[in-house]
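Here's the structure, in C-alpha cells; my notes come after.
The values are calculated or read from the model by the stated rules, or taken from the named source; none is laboratory data. Given the structure is predicted, the values throughout are model-derived calculations rather than measurements. Note: ideal-geometry Cβ built from the backbone for every residue, glycine included; neighbour counts use all protein chains shown.
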C-alpha cells in the first residue's frame, strides 16, 4: 500500500516563514510521497518559493509538484521552479516521473492544466484568436498529460494537476466560474490514458471527492477544502483511496 500526502493552494508568502514546516514533522512517518497541486506561492515571487523550499528541505520523501496560476503571475515561473527543485521538488509540466516506494513504483504525470469548462457548458476553439488560443492551450496541455500518463511504467499511476478535470469536485463554487476552474478535456485525456488517482487544487470552495466520467477517483486537495496541512490517500489496497491515518495538525 502506498501512502500519498497531497495538498495544493498553500499560497506561501514572505510572511509565511515558520508557519508550515512544523506541520511536516510527522510527514515522513505517515506518507511515502508528497504531491503539491499548485498555487504554492501568492504571486509567483521566487522569494516566496524560497520560503516553501526551506520548509520542505528536511522532508525526506519524494516530493513532486505542479505550478498553479498564482505561481505564473509574476512571469517568473522558471525561477520559481528552480528554487523548488533546489529543495528536491520535482516540478512537472507535461512530463512524468517514476519513483521507488518500497518494492513498488509510483508514477506521476503532471501539468498545471487550464480552463475551458465542461460538457454542455464549455468553450471551443472557434471565433476570435483569443478564444482559439484559450481553448487550444488546454487541448495542448491535456494531450501532453495523456502522453505522459501512457508513458509511465509504474505499479501506481497518479495524474497531478492544478486545474480540475471534472466538475464533480467544483460543487460549492459558483457555476459562472466553472470555465475558469478546469476543463473536461483534462478528464477525457486522463480517462483515455488511465490512472489510479487524480489530484488537483484551485477550487477553494469546491468539494474534495469526485470521479472522472470514466470512473477514476479525483481528489481536490486545495487547502481551504481539506482544512489540513495535507491529506493522505492510500493506493494499492482496495478501491477506497482514503487512509485511516490523519495528518497531525
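Can you give me the number of residues within the range 15-46 that are in contact with a strand residue (DSSP E or B) (Cβ under 9 Å, 6 or more places away or on another chain), in a helix (DSSP H, G or I) and surrounded by fewer than 19 Cβ atoms within 10 Å (Cβ to Cβ)?
Let us first name the residues in the range 15-46 that are in contact with a strand residue (DSSP E or B) (Cβ under 9 Å, 6 or more places away or on another chain), namely 19-20, 24, 27, 30-42.
Keeping just the survivors that are in a helix (DSSP H, G or I) gives 24, 27, 30.
So of that shortlist, the ones also surrounded by fewer than 19 Cβ atoms within 10 Å (Cβ to Cβ) come out as 30.
Selection size over the range 15-46: 1.
Go through the range 71-114 and report how many residues are in contact (Cβ under 8 Å) with a residue 60 or more places away in the chain, buried (at least 21 other Cβ atoms within 10 Å of the Cβ) and not in a strand (DSSP E or B).
Number of matching residues: 4.
Yes/no matrix, rows are residues, columns are (1) touching a residue at least 24 places away in the same chain (Cβ under 8 Å); (2) within 30 Å of residue 101 (Cα to Cα):
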site: 124; (1), (2): no, no
site: 130; (1), (2): no, no
site: 133; (1), (2): no, no
site: 149; (1), (2): yes, yes
site: 155; (1), (2): yes, yes
site: 158; (1), (2): yes, yes
site: 164; (1), (2): yes, yes
site: 180; (1), (2): yes, no
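Is it the case that residue 7 is crowded, with 21+ Cβ neighbours inside 10 Å, part of a strand (DSSP E or B) and touching a helix residue (DSSP H, G or I) at 6+ places or on another chain (Cβ under 7 Å)? Break it down into steps so the answer makes sense when it comes.
Numbers: crowded, with 21+ Cβ neighbours inside 10 Å: yes; part of a strand (DSSP E or B): yes; touching a helix residue (DSSP H, G or I) at 6+ places or on another chain (Cβ under 7 Å): yes.
The answer is yes for residue 7.
Might you check whether a residue that is at pLDDT 95 or above, assigned to a loop (DSSP other than H, G, I, E, B) and over 24 Å from residue 2 (Cβ atoms) occurs anywhere in the range 216-232?
Scanning the range 216-232, I find no residue that is at pLDDT 95 or above, assigned to a loop (DSSP other than H, G, I, E, B) and over 24 Å from residue 2 (Cβ atoms), so the answer is no.
Which condition breaks for residue 164 when tested against (1) surrounded by fewer than 24 Cβ atoms within 10 Å (Cβ to Cβ); (2) at pLDDT 95 or above; (3) closer than 19 Å to residue 36 by Cα?
Residue 164 satisfies every listed condition except (1).
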